[in-house]
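Working notes for the structure below.
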Amino acid sequence: MPTTAPTAVVTGGTGGLARAVARALGTRPGAVVYLTDADPVRGAEAARDLRAAGCPVRWEPLDVRDPAQARHLAAELAARHGGIDILVAVPGAQIGFDAPIAAQVRNYVEANNHGLARVLAAFLPVLRDGGRAVAVTGAFGSLEHLPLRLRDRFAGAGSAEVDAVMDAYVAAVEAGTAVAEGWPAWIEVASHVGQVAAVRAAAWEQVVGGERRDVLVNAVDPEVPDVAGLSSSAADTVWGHAAERILRAALPPAGAGEPHGELIRGGAVVPFAGERVA
């Protein structure tokens, strides 16, 4: 991976964390950084603000809920730059407190789980040798947060199987049967486990011809505290520290070989279910 002028893509919208990651990447000399958002007004505004602050960020439209858009953007950037070097997938959907979970779960999983799977499937093939991909997740990304009867659904699952499990979870929440099936009440638990499972599946599936490329794919929990009630400058500081933790996980040196297909928190690997992706 180029150490001075990488081409980087940050997906998941233009919220505080995504902006902070783009800003941190943009400090690398000669870096080409793309920030994406489904909303053209919001995306253009974020890129304009970052450029005004001296960060050469470009905006590209991307709604991760649309299966075609990630493939189109990946192909476009591959044609423009010959590939990319860094992918940071930030979850964009949030849970509101003004509606029941059953009314929000489909859009949330569509964006933060299926959207992640689409981004990985589209961009990993155009990640150059030495490239690094990282998916931002949260505190509940290991199987210990699920009851034993649900863990086998994720352990060792491929990408299509992870998608199917998440679809079944959505259906159970909407039908009101999720808790009886053993799913935790809070949506982020299932979503975080599904995100890490998707990363692990992608890490395994990007092996080509029985040999791994020099590409690392991981998930990271940046341990972001709640910024509600903070001033904008204080929130920016929190986002900035979180971005630093994300990039430490995203940018191990070329040829490192590991970690790969893991959840990283505080610079250490958090076991998913005791086994590792080969």
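With just the Cα atoms defining each centre, how far is region 42-101 from region 181-206? Give it in Å.
When both Cα centres are located, 22 Å separates them.
Carbon and sulfur: what percent of the chain's accessible surface (1.4 Å probe)?
55
At 7 Å along Cα-to-Cβ for each site, give me the label-to-label distance between ILE95 and VAL269 in nm.
Distance between label points: 2.9 nm.
Counting only DSSP beta bridges with both residues in the chain, tell me the antiparallel percent, nearest 5.
If I count the DSSP bridges inside the chain, around 15 percent turn out antiparallel.
Hey, if you put +1 on the Cβ of every Lys and Arg and -1 on every Asp and Glu Cβ in region 116-214, which of LEU148, THR177, LEU124 ends up farthest toward the positive end of that dipole?
Of the listed residues, the answer is LEU124.
At 1.4 Å probe radius, can you tell me the per residue accessible area of the chain in Å²?
43
If we count chymotrypsin sites (Phe, Trp or Tyr not before Pro) as exposed when they sit in a DSSP loop and have at most 14 other beta carbons within 10 Å, what is the longest stretch of the chain that avoids them all?
Free of exposed loop sites, the longest segment is 1-96.
To the nearest 500 deg cm²/dmol, what mean residue ellipticity at 222 nm is calculated for the chain from DSSP H runs of n ≥ 4 alone, each contributing -39,500 (n - 2.57), summed and divided by the residues?
-13500 deg cm²/dmol
Percent relative contact order of the chain, based on C-alpha pairs within less than 8 angstrom and at least six residues apart?
Worked out over the chain, it gives 19 percent.
Tell me the net charge near GLU161. Cut-off is 12 Å between Cβ atoms, GLU161 excluded, with +1 for each Lys or Arg and -1 for each Asp or Glu.
Residues close to GLU161 contribute a combined charge of -2.
Please list the equivalent ellipsoid semi-axes of the chain, computed as the square roots of five times the alpha-carbon gyration tensor eigenvalues, in descending order and whole angstrom.
Value: 28, 23, 17 Å, ordered largest first.
The values are calculated or read from the model by the stated rules, or taken from the named source; none is laboratory data. Note that the structure is a prediction, hence the values are computed from the model and not measured. Cβ coordinates were reconstructed from backbone atoms using ideal geometry, including for glycine residues, and neighbour counts include every protein chain displayed. Remember, those area values only see protein heavy atoms, side chains included, never the ligands or the DNA or RNA. Shrake-Rupley method; radii C 1.70, N 1.55, O 1.52, S 1.80 Å.
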